[in-house]
Amino acid sequence: MAVHELSRADARRVAVRAQLLDSPRPNKLLDLVRHLTLLQIDPTAAIAPSAQLVAWSRLGSSYSPAALDAALADRTLLELRAMIRPSEDLALYRADMAKWEWCERGELPGWRTSNRDWVRANDACRRDILGRLGSSGPLPSRDLPDTCRLPWRSTGWTNNRNVSQLLEFMVLRGEVAIVGRRNGDRLWDLATRVYPDDPVVPADEALRIRNERRLRALGIARARGPECPAEPADVGEVGEPAVVEGVKGTWRVDPSLLGQPFSGRAALLSPFDRLIHDRKRMVELFEFDYQLEIYKPAAKRRWGYFALPILYGDRLVGKLDATADRTAGVLRVDTVHQDVAFNKTMTAAVNREIKDLAYGLELDLEVAG
């Protein structure tokens with residue numbers, strides 16, 4: 001198979017088009033999520049929750065946050081491991097759930113073994129949780145019994161959070177699921193009550209389909225990458241090989257996105273947007289300098305607490321430092337950081353997006369200085 005030779009501009013346009021950030025915009029939420037395969041959940045809402053920002057950046061003023069809430073309520077969309085996915089896609093994960101404790105040789109490699117052993121050591125607590133959910137679910141984690149014999153040890157925030165950690169592993173086992181949220185808290189129930197009863201796709205076929213859909217959504221990606229259980233950034237051997245001028249290594253590209261005319265637009269992106277989520281790919285293809293700075297002291301931030309990357313055409317051209325002050329009823333814009341000098345056309349396009357964001361949030365726009 002011939003290797004496609006792409007310029008950086010070619011690769012960027014493939015990526016932008018694949019993420020539905022070109023022009024014209026899509027117009028239906030469910031079709032959007034099915035194409036993207038997911039909306040990532042993050043609790044930070046300095047402007048708006050990430051899932052809402054990702055949907056709005058594609059759909060624009062036609063998007064209503066109530067549409068996402070309704071799709072989750074009627075289970076057209078489901079939450080799985082901090083990702084919102086189409087409910088029919090759960091069939092692509094059930095085979096892996098069924099064999100979570102085992103690989104083909106009968107044991108798990110590396111750190112997964114210790115996770116499996118911890119769950120086994122706390123099997124009585126796992127059964128207690130299943131029993132409580134069976135009789136009284138849906139419930140938040142604080143209403144579930146902690147009868148763990150072996151505490152969960154971690155150097156991070158999960159240390160000694162036995163029930164919440166056990167629930168995460170029970171999700172991987174296909175035993176429990178998130179059925180909704182109450183005041184921001186996840187509500188848990190038995191997976192048999194939540195997941196659709198669709199035929200399970202065999203594991204090897206499911207992996208191929210997931211890789212194909214991920215490449216369709218990313219446009220261009222590496223064949224191999226670091227292990228990321230929630231949502232990998234690599235795609236295996238699907239698609240076709242490609243090289244990008246000025247970038248080392250070989251990529252996989254969706255050939256259906258090559259050779260098409262490109263019409264770009266301005267867009268304000270969530271820091272967790274899949275166009276930029278893989279920061280290494282972001283630097284390689286877009287040559288964009290960006291970090292999420294919510295964990296930095298204010299004095300050390302270059303762009304702001306929750307700065308939104310700004311896309312214009314096939315380039316990432318700046319960052320928007322803004323905050324939604326819902327008490328005051330305003331979207332407060334502190335700075336528009338320009339990585340390149342904006343001309344009048346770019347400025348007008350970015351300003352339209354900022355005004356549309358304020359409109360979508362039902363806030364007045366307040367621009368500093």
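The values are calculated or read from the model by the stated rules, or taken from the named source; none is laboratory data. Given the structure is predicted, the values throughout are model-derived calculations rather than measurements. FYI the Cβ positions are ideal-geometry reconstructions off the backbone, even for glycines, and counts take in every protein chain you see. Side chains included, ligands, DNA and RNA excluded: accessible areas come from the protein's heavy atoms. Shrake-Rupley method; radii C 1.70, N 1.55, O 1.52, S 1.80 Å.
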query = Which order do Arg116, Arg161 take by accessible area at a 1.4 Å probe, largest first?
reply = Arg161, Arg116
ask   = Size of the dipole of the chain about the Cα centre, Lys and Arg at +1 and Asp and Glu at -1 on the beta carbon, nothing else charged, in debye to 20?
value = 460 debye
remark   = Over segment 31-84, the quotient of the Cα radius of gyration and 2.2 N^0.38 Å is 1.05
remark   = Mean shadow area (nm²) of the C-alpha convex hull around segment 150-285 is 12.6 nm²
key: Expected 222 nm ellipticity per residue - DSSP helices of 4 or more, -39500 (n - 2.57), all of the chain, to 500   = -9500 deg cm²/dmol
message = Taking 2.2 N^0.38 Å as the expected size of a compact globular protein, what ratio does the Cα radius of gyration of segment 1-159 give against it, to two decimals?
response = 1.38
ask   = In nm, to one decimal, how far is the modelled label at Cys228 from the one at Glu212, with both set 7 Å along Cα→Cβ?
value = 2.3 nm
query = Taking Rh as the Kirkwood radius computed over C-alpha pairs, what is the Stokes-Einstein D of segment 239-369 at 37 °C in a medium of viscosity 0.692 mPa s, expressed in µm² per second?
reply = 199 µm²/s
message = Using square roots of five times the C-alpha gyration tensor eigenvalues, list the equivalent-ellipsoid semi-axes of segment 110-193 in whole Å, biggest first.
response = 21, 14, 12
note = Once normalised by the length of segment 31-104, the mean sequence separation of its alpha carbon contacts under 8 Å that are 6 or more apart gives a contact order in percent of 30 percent
ask   = Roughly how tilted is helix 203-218, in degrees to the nearest 10 and between 0 and 90, from the longest Cα axis of the chain?
value = 20 degrees
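Could you size up the charge dipole of segment 284-369 around its Cα centre, putting +1 on the beta carbon of Lys and Arg and -1 on that of Asp and Glu, and report it in debye to the nearest 20?
I would put it at about 200 debye.
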task = Starting from the Kirkwood radius over alpha-carbon pairs of the chain, derive D by Stokes-Einstein at 20 °C in a medium of 1.002 mPa s and give it in µm² s⁻¹.
result = 96 µm²/s
task = Express in Å², to the nearest 10, the accessible area of Tyr63 obtained by rolling a 1.4 Å probe over the protein heavy atoms while all chains stay in place.
result = 20 Å²
query = How high is the relative contact order of the chain, given as a whole-number percent (alpha carbon pairs under 8 Å, six or more residues apart)?
reply = 20 percent
query = Taking the alpha-carbon centroid of each part, what is the distance from segment 333-356 to segment 33-106 in angstrom?
reply = 30 Å
note = Beyond 23 Å (Cα-Cα) in this structure, taken from Lys248/Lys319; Lys280/Lys319; Lys319/Lys344; Lys28/Lys280; Lys319/Lys355, we find Lys248/Lys319; Lys28/Lys280
